[in-house]
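Please treat every number below as a calculation from the coordinates, not as lab data. Owing to the predicted nature of the structure, the values given are computational and were not obtained by experimental measurement. With ideal geometry, Cβ positions are generated from the backbone for all residues, glycine too; neighbour counts draw on all protein chains shown.
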Amino acid sequence: MPTETVYGLAADALDAQAVLRIFAAKGRPRFDPLIVHVAEVEQAWTVAQPSDRARRLAARFWPGPLTLVLPRRAVIPDVVTSGLETVGVRIPDHPLALALIRASGRPLAAPSANLFGRISPTTAEHVREQFASAVARVLDGGPCRVGVESTVVRPDPSPLILRPGGVTREQLEASLAEPVAIAERDARADHLPREAPGLLASHYAPRMPLSLREDGAPWPSDPTVARLAFSQAPPGAGPSEVLSPTGDLGIAAARLFAALRRLDATTATRMVAELVPETGLGQAINDRLRRAAGLG
Ligand code: TXA
Ligand code: MG
């Protein structure tokens, strides 16, 4: 199903057998928990127990790219949460996703619709490329508006971002009127049964090796090196992509995964990417680039 962030591989979150098929299709290890998607705030509280902070964040950001990690209720099978006592839940901001959830009458568990460890899909075509016949149906909702995954937040006992995403730290702090921490990779993993691949260093990876351009270093100019730039086209030879010529982080986020895929499809043998400014959506973009480069 399409969402505003990336496409998701959806199954009835209350049906353990259906959820197991998600793990099988993705080649995803069972210890990485899934996000449960609902259509209404009240439906969210049937799968998770809200706190004051959770209610406030839900009222402000749902539907939208924010996942709340909250104590789970017993209706959610263990396989969804990898046995954790918490569940991640969100309301996606996409009419087709909401229609699908409402038509099924069920909360839908959905990870990003990519093979384990690979680049997340932001068009229906990306999903078809990776899954061919392995999924029942691809709902084409057009290109994803946000383009990076939801921000995963554990609101209590004090607000902590487990994964930067489409809602920025600045927006969360403004809504809660208190500081919001961003977990380091090691700390993030502490919240999970074992290190979760979604939080592992090597993730969102293109096929070709990717390295980050040193600050201020010249771009390689060689047909064997693909180059991913933020706002200024790299000079010289070699395939390149510019995320946003106007330096707009929202546009850069929306274009990130498709640009990585296009570069990955060239005849270059390796890729160099530059980081973007570390503010707003730049934190989510840089998080994905660092992980694609195998760094935390
Ligand atoms: O935007 C998104 O969040 C997309 C769309 C489809 O909604 N979904 C997505 O799912 O990115 P996935 O499975 O690729 O990433 C889910 C992340 C993982 O890093 C997982 O470890 C974390 O959320 N997560 C899920 N439940 C959790 C929990 N109970 N505690 C801590 N982390 C959790
Ligand atoms: Mg994913």
Antiparallel as a % of all DSSP beta bridges within segment 28-171, to the nearest 5? 60 percent
Restricting things to Cα coordinates, could you compute the convex hull volume per residue of segment 40-80 in Å³? 72 Å³
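Mean residue ellipticity at 222 nm from the helices of the chain, using -39,500 (n - 2.57) per DSSP H segment of n ≥ 4 over the full residue count, to the nearest 500 deg cm²/dmol? Let's see the in-between values first.
On the way: 10 runs with 91 residues, N = 296.
Computed ellipticity for the chain at 222 nm equals -8500 deg cm²/dmol.
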GluC sites (Glu not before Pro) restricted to DSSP loop in segment 1-91 with at most 15 other C-beta within 10 Å: Glu40, Glu85
Roughly what percent of Cα-Cα pairs across segment 209-296 reach past 20 Å? 25 percent
Summed over the other residues with a beta carbon less than 12 angstrom from that of Arg28, with K and R at +1 and D and E at -1, the charge totals +3
Considering only DSSP states other than H, G, I, E and B, which GluC sites (Glu not before Pro) in segment 230-281 qualify as loop sites with at most 12 other Cβ atoms within 10 Å? Glu278
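Using only the Cα atoms of the chain, construct the convex hull and provide its projected area averaged over every direction, in square nanometres to one decimal. Don't jump to the answer; show the numbers that get you there.
Working: hull surface 57.1 nm².
Value for the chain: 14.3 nm².
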Just flag the trypsin sites (Lys or Arg not before Pro) in segment 43-83 sitting in loop per DSSP whose Cβ has no more than 12 other Cβ atoms within 10 Å. Arg73
Give the long-range amide H neighbours of Gly141: residues separated by 5 or more places, or on another chain, with amide H under 5 Å away, using H modelled in the peptide plane at 1.01 Å from N. Ala124
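What are the membrane-span-like helices in the chain by this rule: whole DSSP H runs, Cα extent along the axis at least 20 Å, mean Kyte-Doolittle hydropathy at least 1.0?
none
Mind checking the dipole of the chain: about its Cα centre, +1 per Lys or Arg Cβ, -1 per Asp or Glu Cβ, Debye to the nearest 20? If you can, show how the numbers build up before the last one.
Numbers: 33 positive and 31 negative charges, 126 e Å.
Its charge dipole is roughly 600 debye.
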The chain: antiparallel bridges as % of DSSP beta bridges, rounded to 5, reads 40 percent
Farthest toward positive dipole pole in the chain [+1 Lys/Arg, -1 Asp/Glu at C-beta], among Val19, Thr151, Pro71: Val19
Run the Debye formula on the Cα coordinates of segment 1-102, all scatterers equal and no solvent, and tell me log10 I(q)/I(0) at q = 0.14 1/Å. -0.49
